[in-house]
Amino acid sequence: TSYLLPESYDYIIIPSIKSDKNPVKAELNIIKEGQKWASVSSSYDNLSLSLPFSGKTYTPKNENGFPSVSAKLKNSTTYDFDKIDIKVVLFDENSEPIAVNITNQNTMRSGEERNFSLFWTTESSKVVFNQDFKATTNIFDSQNFMSRFGTGDKIREYRQ
């Protein structure tokens with residue numbers, strides 16, 4: 001299952017799939033039966049999901065000899081989130097994806113900035129010409145919004 005915010009795009013990344021063969025194609029089937037579609041209600045009208053990156057850096061060979069990226073993510077919203085997903089896609093000179101990676105930031109407060117790094121354990125035979133950093137959070141999951149005041153498991157987890 002996944003979520004997609006209005007007027008947005010996202011990547012579906014399933015890490016650590018290994019194969020001795022080069023993939024020929026990938027298929028995405030959207031099954032209409034039993035789907036639970038949710039719309040953004042009026043309570044989300046003023047929600048601005050500003051999750052910008054700064055200091056984005058691509059390194060073809062880090063200290064271990066593999067490609068890596070690093071950046072700083074800022075939660076520029078007025079909300080504290082339990083989980084923010086970060087996806088990075090590396091592209092070749094033809095804007096074709098050649099490598100992907102994913103991580104997340106947990107318990108990220110409004111206004112907080114946090115550094116992160118991602119690395120790959122194999123080298124690509126193609127040269128990286130561009131990267132896309134994408135940060136998203138699930139606004140459809142009410143448990144993803146952390147409260148600064150009150151009681152409950154999410155609050156205890158937040159304060160640790």
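A few comments on the model shown:
- Leading residue by the ranking (nearest to Ser147 (Cα to Cα)) among those in the range 75-92 that are in contact (Cβ under 8 Å) with a residue 40 or more places away in the chain and open to solvent by 60 Å² or more (accessible area, probe 1.4 Å): Tyr79
- Considering (1) modelled with pLDDT under 95; (2) under 21 Å from Asp10 (Cβ atoms); (3) open to solvent by less than 50 Å² (accessible area, probe 1.4 Å), the lone condition that Asn62 does not fulfil carries the number (2).
- Qualifying position, being modelled with pLDDT of 95 or more, small (Gly, Ala, Ser) and loosely packed, with under 13 Cβ neighbours inside 10 Å, among Ser95, Ser125: Ser95
The values are calculated or read from the model by the stated rules, or taken from the named source; none is laboratory data. Quick caveat: nothing in here was measured; it's all calculated off a predicted structure. Every residue, glycine among them, receives a Cβ derived from its backbone with ideal geometry; neighbour counts consider all protein chains shown. Quick note on the areas: whole protein, heavy atoms, side chains included, nothing else; ligands and nucleic acids left out. Shrake-Rupley method; radii C 1.70, N 1.55, O 1.52, S 1.80 Å.
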